[in-house]
Amino acid sequence: MSATDTSGPQAYPFGPVVRLDLHPRYLELCRNEPVSRVRMPYGGDAWLVTGYHEIKQFLADTRFSSFAATAPDTARVTPLPLRPGNLLSMDPPDHGRIRKVVAHAFRPRIVSQLADRMRDLVTSELDAMEEAGPPGDLVQRLAIPLPVRMIVELFGVPYEDRAQFRRYSDVFVATSAHTKEEIDEARDGLENFLRRLIKQRRDSRSDDLISVLIEALDDGRLSEVEAVRTGIGILMAGHETSLSMISNVSFLLLAQRELYERLCADRSLLDPAIEEMLRVIPLRSVGSFPRRATEDVEIGGVPIRKGDTVIFQRAAGDRDERVFEDPETIRFDRENNPHLGFGHGQHYCLGASLARAELKVALEGITTRFPTLRLAVPPEEVPWKPGLIARAPEALPVTW
């Protein structure tokens, strides 16, 4: 279907999410129509961008507004649009102002300090798994505790309070798994949690993110809404995304076990292997958060009108044959890998270095400790979380 096809936009999403499979329609569009029209579950029609160059052009163009996409009539895959005041829903200059404030918490020194604690945590969790004996669950033993512990330390959330924000997290990032009322309730719950934490921590600050937000709130660089919603965005992205990616990487390696054996035999491949898995794993079950055009503009020669909604599917762009040789093959020796796994442009992921460190420490731990690790069930029997923005196994049963 071309941009001028009178038969109407295709319904989106294209089909059910199946493990780490990317629906074939994405790659058809990437090859033949990298900017195409689709009908969204909520809010009407949108443009879907699937080509690598077109995605980069879109992400770098400030004429596409994240803030405008908080309007209720925005075409989207989620029951509710993002609320204003979150980094993901901001445009320049506000986005740059707030990003500058919170970047303090992601300095290399902080990430390096966290890496030492990551190794200790991975060691203790794998000790417990080994002591309990097979079968084990890598989601419960590794994918959940590692990013949750790291984000509560980075953020300054008391570890004993982690359950308070965890119970809202899957609801917050739902597409079809929860109603709009449940999502709204989860958002309110997280905002109240952050407000209480800010109040509790005003007189006990340290070198963590909540202290950075309090300082910026006190000196007027952030409003209360900005401090709370920016905090929620980082808290959610900092553990839900990493949790899902550790689970997905572990599943991929064990479902295609020759890949796991390669890493066990040669751990110097860990860094390029992580980059390749960031490229090939379609973390999002659906396209990106939407943006809206603030004026008439073109992407890849296709005219986008003022007010139109645009989304993209990063995983399709990262399999674009114009950029990646043999893109469907997982190659740990890929030399040219400019993937978009952490985005591009002003919204490039603040926590990219932390996410890479978590993945590396997790993979170092399991490949060193459990060279005979394998799935305890066939890959098709691994249970997956349904109806969420990010895909991830519900559990990952393993034996050794």
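The values are calculated or read from the model by the stated rules, or taken from the named source; none is laboratory data. Because the structure is a prediction, the values reported are computed rather than measured. With ideal geometry, Cβ positions are generated from the backbone for all residues, glycine too; neighbour counts draw on all protein chains shown. The protein model used for the area step is the full one, side chains on, heavy atoms only, and it has no ligands, DNA or RNA in it. Shrake-Rupley method; radii C 1.70, N 1.55, O 1.52, S 1.80 Å.
Give me the residue from region 188-197 that is of a type in the set (D, E, K, R) and open to solvent by 20 Å² or more (accessible area, probe 1.4 Å) and, out of that set, nearest to Tyr168 (Cα to Cα).
If we take residues in region 188-197 being of a type in the set (D, E, K, R) and open to solvent by 20 Å² or more (accessible area, probe 1.4 Å), then Asp188 is nearest to Tyr168 (Cα to Cα).
Among Tyr168, Tyr159, which is of a type outside the set (D, E, K, R) and within 26 Å of His95 (Cα to Cα)?
Among Tyr168, Tyr159, only Tyr168 is of a type outside the set (D, E, K, R) and within 26 Å of His95 (Cα to Cα).
Among the residues of region 273-283, is any under 28 Å from Gln140 (Cβ atoms), among the hydrophobic types (A, V, I, L, M, F, W, C) and in contact with an Asp or Glu (Cβ under 8 Å, 6 or more places away or on another chain)?
Scanning region 273-283 turns up at least one residue that is under 28 Å from Gln140 (Cβ atoms), among the hydrophobic types (A, V, I, L, M, F, W, C) and in contact with an Asp or Glu (Cβ under 8 Å, 6 or more places away or on another chain).
With the requirement that a residue be open to solvent by 40 Å² or more (accessible area, probe 1.4 Å) and under 17 Å from the mean Cα position of the chain (by Cα), what does region 134-170 give you?
Scanning region 134-170 gives Arg166, Tyr168, Asp170.
Tell me which residues, restricted to region 186-235, are in contact with a helix residue (DSSP H, G or I) (Cβ under 7 Å, 6 or more places away or on another chain), in a helix (DSSP H, G or I) and either without any contact (Cβ under 8 Å) to a residue 12 or more places away in the chain or of a type in the set (Asp, Glu) (or both).
Glu191, Glu224, Glu226
Just give me the residues in region 255-286 being outside any helix (DSSP H, G or I), modelled with pLDDT under 95 and either in contact with a Ser or Thr (Cβ under 9 Å, 6 or more places away or on another chain) or polar (S, T, N, Q) (or both), in sequence order.
Hits for region 255-286 are Leu283, Ser285, Val286.
Mind checking which residues of region 41-82 are open to solvent by 50 Å² or more (accessible area, probe 1.4 Å) and farther than 16 Å from Val286 by Cβ?
His53, Lys56, Gln57, Ala60, Thr62, Arg63, Phe67, Pro72, Asp73
For region 291-313, enumerate the residues that are within 18 Å of the chain's Cα centre (by Cα) and open to solvent by less than 30 Å² (accessible area, probe 1.4 Å).
Passing the criteria: Arg291, Ile311, Gln313.
Determine, yes or no, whether Thr372 is among the polar types (S, T, N, Q) and free of Cβ contacts under 8 Å to residues at least 60 places away in the same chain.
Spelling it out, Thr372 is indeed among the polar types (S, T, N, Q) and free of Cβ contacts under 8 Å to residues at least 60 places away in the same chain.
Can you confirm whether Gly307 is part of a loop (DSSP other than H, G, I, E, B) and touching a Leu at 6+ places or on another chain (Cβ under 9 Å)?
So Gly307 fails the test.
Pro327: out of contact with any strand residue (DSSP E or B) (no Cβ under 6 Å at 6 or more places or on another chain) and part of a strand (DSSP E or B), yes or no?
No, not satisfied.
Against the condition in contact with a Phe, Trp or Tyr (Cβ under 8 Å, 6 or more places away or on another chain) and not basic (Lys, Arg), how does Ile299 come out, does it pass?
yes
Given the conditions (1) over 30 Å from Ile210 (Cβ atoms); (2) in a loop (DSSP other than H, G, I, E, B), report the number of the one that Phe58 does not fulfil.
(2)
Are any of the residues in region 245-254 closer than 26 Å to Leu80 by Cα and either open to solvent by 30 Å² or more (accessible area, probe 1.4 Å) or in contact (Cβ under 8 Å) with a residue 24 or more places away in the chain (or both)?
Scanning region 245-254 turns up at least one residue that is closer than 26 Å to Leu80 by Cα and either open to solvent by 30 Å² or more (accessible area, probe 1.4 Å) or in contact (Cβ under 8 Å) with a residue 24 or more places away in the chain (or both).
If you take the residues in region 171-182 that are in contact with a strand residue (DSSP E or B) (Cβ under 8 Å, 6 or more places away or on another chain) and over 24 Å from Pro145 (Cα atoms), which one is surrounded by the fewest Cβ atoms within 10 Å (Cβ to Cβ)?
Filtering region 171-182 for residues that are in contact with a strand residue (DSSP E or B) (Cβ under 8 Å, 6 or more places away or on another chain) and over 24 Å from Pro145 (Cα atoms), the one surrounded by the fewest Cβ atoms within 10 Å (Cβ to Cβ) comes out as Glu182.
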